[in-house]
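Throughout, read-outs are computed from the coordinates displayed, never taken from laboratory work. Only a predicted model underlies this, so the values are computations on that prediction, with no experimental measurement involved. Please note: Cβ atoms are built from the backbone with ideal geometry, for glycine as well, and neighbour counts cover all protein chains shown.
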Amino acid sequence: MKLYSDERAPSPRRVHLFLDARGIEVPVEAVDLTAGDQLEADFLAINPDGTVPVLELEDGTRVTEVVAICRYLDEIFEGEKLYGRTPLERARVLDADHWLEMQGLLAVMEGFRNGAPGMKDRGLPGPTPVAQLPELAERGRTRFERFLDLLDARLETGGHDHGWIAGGNFSGADITAWVILEFAGWGLKLHPQPAHRTLLEWRDRAAERLNIG
């Protein structure tokens, strides 16, 4: 088993934080996104979408989606389960994780890919050039600012006991939320504001749980 990855990018970052939180070690083969390794023929033969992470299993099976990778590893390794221990817990984590991706992660990606000078012709991930659209960059920023309000309200009033996003336990959904905020911070220079009191309290707890200073 090995993981093709560039930990600096948001999607691989989610997997690496999950591995650290679970104490799982997987050999990593570096794919330098800034150098364009993901668009070289050798890597496209591994993942035609030209994206990381990719988990390659002993039998040659390759898994390319973050949640699928994390859930597979969560199930095969003993220890604390970050994607739930029961059908209901797993449903809650996946429900929250999908909401976070749709409302938050896609907003930051839209803003960053369409606005960052270094992402010219990289408006969408993958091997096919896609032109940047300034209107989408601005829309992504607006969507993310709205997401901060929604996430703060979800944490405060959504019935998520003990302050974690998908219920009483820290989970993969909390890792996703952490990476979204991190990505928006360096990619869009947007951060939670003092009015997002519950979100900021959650961020402090998540940083402690993830051992991030």
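Looking only at Gly140, Gly185, Gly115, which one moves most when the chain is put into a Gaussian network model with springs between Cα atoms under 10 Å?
Greatest mean-square fluctuation among the candidates belongs to Gly185.
Reachable lysines from Lys2, Cα under 28 Å, same-chain residues fewer than 8 places away excluded?
Within reach: Lys81.
Taking a cut-off of 22 Å between Cα atoms, list the lysines near Lys120, but don't count ones fewer than 8 places away on the same chain.
Lys189
Give the relative contact order (percent, whole number) for the chain; include only Cα pairs under 8 Å separated by 6+ residues.
On the way: 288 pairs, mean separation 39.7, N = 213.
Over the chain, the number comes to 19 percent.
Please grab the % of Cα pairs in segment 1-73 that end up more than 14 Å from each other.
Details: 1450 of 2628 pairs.
Summing the P(r) of segment 1-73 above 14 Å gives 55 percent of all pairs.
Taking only DSSP H segments of four or more residues, each worth -39500 (n - 2.57), what value at 222 nm results for the chain once the sum is divided by all its residues, to the nearest 500 deg cm²/dmol?
Values: 8 runs with 105 residues, N = 213.
The per-residue figure over the chain is -15500 deg cm²/dmol.
Would you work out which of His98, Ala177, Gly126 lies farthest towards the positive end of the dipole of segment 76-200? Charges go on Cβ: Lys and Arg +1, Asp and Glu -1.
Going by the charge dipole, the pick is Gly126.
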